[in-house]
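Got a structure for you, written out below as structure tokens; questions coming shortly.
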Amino acid sequence: MPSEETGFPVPIAASSSYATNYNKAERALQNPQPAICRASLRSSCSNGAYAAEVPPETMSYTDRMRSIFRFLSAVTMTYISHLSGKISTHYASNGTENEQQEDSIKVLYKKFKNEPIDSYPPGWPQLAAFMHSEDNFAIFRRFGLVHCRVLVQLQAEIQLLEKKLSALDQSDASPGSPNAWRLQTSEFKEGWDAEKKDLVAELLDKLLNYDALLLNDQKLRELGNAPRKDHLSVFHWIMARKPLGKNQYDWIYSLDDFISLSKPDPFKSSVLASCLKWFFKNRDKTSKNSIVERYSDTKLSVFAKMSTILLAVGILIIPVFIFLWFPKTQACISATVLISVLVFSTLISLFTKARAQEVLVGTAAYCAVLVAFLGNIVSIPGENIST
């Protein structure tokens, strides 16, 4: 504002303080400060305007940069605060929705059914629930003897019909036979002799039954017998509970006539038959008074895989270590190769379902690996095989 005495504008102090009375104006005139210009810079943020002091050209470069940095810092902090508020609101609303979804899912989880065996009515329902509770309990009779009994009888009946049909063909082929037309046409009209037509229909019906039963028996035999321990598990449960009436569970006594719907793992079966089975017992699913001992399939799978890896690595690495560490005599090398090949073939035969030709091919490949490594050792300078 202009001075009353001089008429000149009064410069504003650098501390941004304004003179509010005459005495202050007098002091301002006596001790003038370098004047600066005040400008208002407005950001695009919705929170309002931000004032910043823009120095004149006479201000140093460092002061100008500090002023600009303070302005940009204020704008940035306001924008960050605004953005964090929106993010907090968004996650708060999403958190509420997620909690509602989790609550609805928990309600659906409560509808899952995992009823214990004792909750079923005694009798056939309880026996079915027990056999369904574990895959290795799902064993059933193959009725191999009955299949053979029906098959041999159907076989005999079909053979008799075959002979009868052959006799009719010979009769129709004789000179002057009135039924010679039956050898040359499949047409049939009312009033014609229907003996051969009925015979072929009966033969077709018996052949269809025979073929279906024969193929079913073949598939059942391919499943193989159920493991002895699985049969004993079901047998012990039935004998302890006796859920059925008299003579209703005599089928359980046919020991060698059961098949398993699941594919038993020979390695797991051998582990459960050993002294290590206590380690794999599932104590969460086995009660103290229960006659059924349940084992953790996860532990068994991990143990089986780790054992397989160790055996595979050992059967390849151990002979190599023997060749490198022990004296290279002909007797030592021959014994190492022989024992390694025997162990390899035995493991392949016991723990896999490899056929004879597959075992032979695998053994040949293993021998080739040993021979190749042995050849590399012999070719090393200074390495000699003593007798």
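Can you tell me which of Leu232, Leu213, Leu207, Leu244 is modelled with pLDDT of 85 or more, within 33 Å of the chain's Cα centre (by Cα) and either under 21 Å from Ser133 (Cα atoms) or part of a helix (DSSP H, G or I) (or both)? If you could, list the steps in order and put the result at the bottom.
Values: Leu213 fails: within 33 Å of the chain's Cα centre (by Cα); Leu207 fails: within 33 Å of the chain's Cα centre (by Cα); Leu244 fails: within 33 Å of the chain's Cα centre (by Cα).
Of the residues listed, the single one that is modelled with pLDDT of 85 or more, within 33 Å of the chain's Cα centre (by Cα) and either under 21 Å from Ser133 (Cα atoms) or part of a helix (DSSP H, G or I) (or both) is Leu232.
For the range 114-172, enumerate the residues that are acidic (Asp, Glu) and in a helix (DSSP H, G or I).
Listed by number, the residues that qualify are Asp118, Asp135, Glu157, Glu162, Asp169, Asp172.
In the range 140-156, what residues are surrounded by fewer than 14 Cβ atoms within 10 Å (Cβ to Cβ) and of a type in the set (Val, Ile, Thr)?
Val146, Val152
The values are calculated or read from the model by the stated rules, or taken from the named source; none is laboratory data. Keep in mind it's a predicted model, so treat the numbers as computed, not measured. Heads up, the Cβs are rebuilt from the backbone with ideal geometry, glycines too, and the neighbour counts pull from every protein chain shown.
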